[in-house]
Amino acid sequence: MLDAFFAPRSIAVVGASRDEAKVGYAVFANLLAGGFAGTVFPINPSAEPILGRPAYPSLTALPEVVDLAVVVVPAQATIPVIEECGARGVPAAVVISAGFRETGPAGADLERRMLEAARAGGVRILGPNCLGFIATASGVNASFAPLMPAPGTISFLSQSGALGTAVLDWAAGEGIGLAHFVSLGNKADISEVDLIRAWGDEPATGVVVAYLEGIADGEGFVLAAQELGRRAPLIALMAGSSEAGARAVSSHTGTLAGSKAAYTAAFRKAGVIEAATVQELFDFAEGFSRQPLPAGPGVAILTNAGGPAILATDACERVGVRLARLGADTVEALRGVLPAAAALYNPVDVLGDADASRYETAARILVRDPAVNSLLVVLTPQAMTQAEDTARAVAAVASDAGVTTLAVFMGDRSVAAAVRALKDAGIAAYSFPEQAVATLGAMERHAAQRMRAPDPPMGVPADYHIVRAAIDHAREAGRTFITEESAGRIARAYGLPVPGSGLARDRTEAQVLAGRIGYPVVLKIASPDILHKTDIGGIALDIVDAAALEVAYERMMSSVRHRMPDAHVWGVTVQRQLPPGHEVIVGVHRDPSFGPVLMFGLGGVYVEVLKDVAFRLCPVTPTEARSMIEEIRGYGVLRGVRGAAPADIDSIVDAICRVSALAIDFPEVTELDINPLIVGRRGDGAFAADIRIGIGG
């Protein structure tokens, strides 16, 4: 799809320069030095030779039509160049020039006009405002980066040119090769989605690593990443997604579903391995690119030092990596070859005086154990330590056994040669146990996800006409929300149990409704201007008879008149009071990039304080719904503690799937909160006690 970029036959540098201080010189020099076998033409109006190559005044003056134009001219001059590309039949252009959207409205208009010219001429554009790109297989270094990486299996894309140069330097220092390096810049045309799709079909790419600052086509990203993930992992670091950047919204879900939550949910749906830091991005890239995925859970830790082994064990528990339970035969075999003081049960401590031979013997015994699917070798430099020989021994065991092997060689100068030997042999080596364990955890999760059978969404029959009528009625009234009564009808239309209720315009109607519904009842203020009823005394519970209703009604109206005198009040909602149960929240917030993001957590008035919530991208399957429930810290409460009966988890799963279906079926629903969803004991079901639905265009 992007062959004109990554495998061109000829290239022109528009804006090539003889001045070594200019980007046009660096780009042209890099193309000549990178090993590209095709022809590279310098384009410069002065038409003087550059680095011994004859220059041409324009693309039109070239003796042939090139596949790729690298544009390094002032921003205002790019549009005529792109128009010339289209007229000459040049299919691809890298616009390295800056001065576009990143500079303000005038630059954004210039970028828009440049893109229009490209589309009119059938030209694909990378950039503008980018570092360029590198394709090692074809020897193309169409960038002004200072290094040409060695060929490898990692394809790296970045929305930051500066971080990109750091990655190139890191790869060179670690001896890691790259298949591609791409600086996206402003993403006027080609985006991360285009690159992921292209690399998904390319056998040379074994791992995709991405630094991202925003994703415009969320649906396209998820689909492309899912397709890639069947063959190669995608490791991503998302910047600029802090909760401080979340938009101001009115619902609980919207408040909590900031950009970070949306991206994390999208990455989970897409099977993306999310790195939390730049260090973790590098750590994961090294592990995934050097070692095969684990065949299953179960790691054996082999060490010559107790302290680091304890740190590794603690890290395993934090990230969900399970230590292998060694078989009796393995323990006896270790007992026969290790000193009496050695620790034989995972972690296996071969003691501080261990030489390379002792490490190798123990490692070969461990990798034969059926419970061991990965090996973590920890070494600290001590007086008797043979670090470099141990590295070669570990590499030999890993090569023979095919077991996923990571190494932690702690120190600096004493282990430098050993670390280099490990990496030369294809073993990922780390300075500290936490780095290696985090990488192994990511590898295990990715391996498990690739083996997981597809989990289709739950089929949810619904009465769509009721929902459509409620949305249309709200729009006709000029409202951006659904009334509580209509929200209840929408919930019932999707099979969500809702307690009996009705709208009463005055106290008399409220008493009639309560008698019809049956005491005890709940009163809730009905007003288009009051979103959070509890805050102003707009909810009254435990109303057991008509006298109590009269008192509660008058107190509520007095409080509302005092706290919000300008609010328009329709009356009160009278609702059957449900028996006590667990209060949880199920909500949806529509993210501008990824669409509906569903939230689950402990509900009631504490949801925004505790923030004990989990998020998933819709549609949410039953398996995903159950994993959301088990993910929150309060799951133990729902499961039942100290003899308490467990909550009806199945009814929560059902409610989550029904809300997810509603959000998918009706894009107009921008926000939805069921808070609380009152969950009874196992088998008793759950009821949506309070529902708020916001709508948009």
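Going by what's in this entry, would VAL653 be described as touching a residue at least 24 places away in the same chain (Cβ under 8 Å), more than 24 Å from the chain's Cα centre (by Cα), assigned to a helix (DSSP H, G or I) and over 25 Å from LEU531 (Cβ atoms)?
No, not satisfied.
Out of PRO596, PRO619, report the one residue that is assigned by TED's automatic domain parsing to the domain that holds ARG489 and assigned to a loop (DSSP other than H, G, I, E, B). Steps first, answer last, please.
Working: PRO596 fails: assigned to a loop (DSSP other than H, G, I, E, B).
Criteria check complete, one pass: PRO619.
Hey, can you tell me all the residues within segment 536-549 that are assigned to a helix (DSSP H, G or I) and either touching a residue at least 24 places away in the same chain (Cβ under 8 Å) or β-branched (Val, Ile, Thr) (or both)?
ILE536, ALA546, LEU549, listed by residue number.
Filter segment 490-510 down to the residues that are surrounded by 17 or more Cβ atoms within 10 Å (Cβ to Cβ), modelled with pLDDT of 95 or more and outside any loop (DSSP other than H, G, I, E, B) and list them by number.
Correct list: ILE490, ALA491, ALA493.
Please go through segment 322-345 and give me each residue that is touching a Gly at 6+ places or on another chain (Cβ under 9 Å) and buried (at least 20 other Cβ atoms within 10 Å of the Cβ), ordered by number.
Selection gives LEU323, ALA324.
For residues that are within 30 Å of the chain's Cα centre (by Cα), farther than 21 Å from ASP194 by Cα and surrounded by fewer than 18 Cβ atoms within 10 Å (Cβ to Cβ), tally how many sit in segment 74-120.
Looking only at that region, the number is 4.
If ARG626 meets every condition in (1) modelled with pLDDT under 95; (2) among the basic types (Lys, Arg); (3) not in a loop (DSSP other than H, G, I, E, B) apart from one, which number is that one?
All conditions pass for ARG626, except number (1).
Against the condition assigned to a loop (DSSP other than H, G, I, E, B), surrounded by 23 or more Cβ atoms within 10 Å (Cβ to Cβ) and in contact (Cβ under 8 Å) with a residue 40 or more places away in the chain, how does VAL584 come out, does it pass?
When the stated conditions are applied, VAL584 does not pass them.
Considering only residues of segment 396-414 that are more than 20 Å from PRO308 (Cβ to Cβ) and assigned to a helix (DSSP H, G or I), which is modelled with the highest pLDDT?
Step by step, filter segment 396-414, then rank; the result is ALA396.
For segment 146-175, which residues satisfy the criterion of being in contact with a Phe, Trp or Tyr (Cβ under 7 Å, 6 or more places away or on another chain) and not β-branched (Val, Ile, Thr)?
The answer is PRO149, SER155, PHE156, SER158, GLN159, SER160, LEU163, GLY164, LEU168, TRP170.
Between a residue in segment 1-25 that is within 20 Å of ALA61 (Cα to Cα) and any residue that is surrounded by 17 or more Cβ atoms within 10 Å (Cβ to Cβ) and acidic (Asp, Glu), which pairs come within a Cβ distance under 8 Å, given they are 6 or more apart or on different chains?
PRO8/ASP67; ARG9/ASP67; SER10/ASP67; ILE11/ASP67
Just to be sure I understand, how many residues within segment 330-349 are touching a strand residue (DSSP E or B) at 6+ places or on another chain (Cβ under 7 Å) and in a loop (DSSP other than H, G, I, E, B)?
So the answer is 3.
For LEU602, state whether it is within 29 Å of the chain's Cα centre (by Cα), free of Cβ contacts under 8 Å to residues at least 40 places away in the same chain, under 26 Å from GLY685 (Cβ atoms) and surrounded by fewer than 19 Cβ atoms within 10 Å (Cβ to Cβ). Lay out the reasoning, then the answer.
Details: within 29 Å of the chain's Cα centre (by Cα): yes; free of Cβ contacts under 8 Å to residues at least 40 places away in the same chain: yes; under 26 Å from GLY685 (Cβ atoms): yes; surrounded by fewer than 19 Cβ atoms within 10 Å (Cβ to Cβ): no.
No; evaluated as a whole, the condition is false for this residue.
Looking at the structure I just gave you, is LEU638 hydrophobic (A, V, I, L, M, F, W, C), under 30 Å from ARG318 (Cβ atoms) and in contact (Cβ under 8 Å) with a residue 40 or more places away in the chain?
So LEU638 passes the test.
Let me spell it out: the conditions are (1) within 39 Å of the chain's Cα centre (by Cα); (2) part of a loop (DSSP other than H, G, I, E, B), and GLY24 meets all of them except one. Which number is the exception?
Unmet condition: (2).
For the subset of segment 194-212 comprising residues that are modelled with pLDDT under 95 and over 19 Å from the mean Cα position of the chain (by Cα), which member is surrounded by the most Cβ atoms within 10 Å (Cβ to Cβ)?
Residue satisfying both the conditions and the ranking: GLU202.
Any idea which of PRO619, PRO592 is surrounded by fewer than 18 Cβ atoms within 10 Å (Cβ to Cβ), closer than 20 Å to ALA270 by Cα and either of a type outside the set (Phe, Trp, Tyr) or modelled with pLDDT under 90 (or both)?
It is PRO592.
Listed residues ASP389, ASP369; which is at pLDDT 95 or above and either among the basic types (Lys, Arg) or outside any helix (DSSP H, G or I) (or both)? Explain how you work it out, then say what you get.
Working: ASP389 fails: either among the basic types (Lys, Arg) or outside any helix (DSSP H, G or I) (or both).
Just one listed residue meets the conditions, ASP369.
Take segment 58-100 and flag every residue that is free of Cβ contacts under 8 Å to residues at least 24 places away in the same chain and in a loop (DSSP other than H, G, I, E, B).
ALA61, PRO63
(1) closer than 19 Å to PRO497 by Cβ; (2) assigned to a loop (DSSP other than H, G, I, E, B); (3) touching a strand residue (DSSP E or B) at 6+ places or on another chain (Cβ under 8 Å): which one isn't true of GLY683, the others all being true?
(3)
Those residues that are in contact with a strand residue (DSSP E or B) (Cβ under 9 Å, 6 or more places away or on another chain) and among the aliphatic types (A, V, I, L, M), I need them from segment 30-48; list them, please.
Answer for segment 30-48, where residues must be in contact with a strand residue (DSSP E or B) (Cβ under 9 Å, 6 or more places away or on another chain) and among the aliphatic types (A, V, I, L, M): LEU31, LEU32, ALA33, VAL40, ILE43, ALA47.
Hey, any hits in segment 32-43 for a residue that's aromatic (Phe, Trp, Tyr) and assigned to a loop (DSSP other than H, G, I, E, B)?
Yes: one or more hits.
Pull up segment 453-489, narrow it to residues that are of a type in the set (Val, Ile, Thr) and not in a helix (DSSP H, G or I), then point me to the one that is nearest to the chain's Cα centre (by Cα). Before you say what the answer is, go through the steps one by one.
Step one: of segment 453-489, the residues of a type in the set (Val, Ile, Thr) are 460, 466-467, 471, 480, 482-483.
Now drop any that are not not in a helix (DSSP H, G or I), which leaves 460, 480, 482-483.
Working: VAL460: 28, THR480: 30, ILE482: 32, THR483: 35 Å.
The selected residue is VAL460.
Can you tell me how many residues in segment 121-138 are surrounded by fewer than 24 Cβ atoms within 10 Å (Cβ to Cβ) and either in a strand (DSSP E or B) or out of contact with any helix residue (DSSP H, G or I) (no Cβ under 9 Å at 6 or more places or on another chain) (or both)?
2
The values are calculated or read from the model by the stated rules, or taken from the named source; none is laboratory data. All figures in this text were calculated on a predicted structure; none of them were measured in a lab. Glycine gets a Cβ as well: all are built from the backbone with ideal geometry, and neighbour counts include every protein chain shown.
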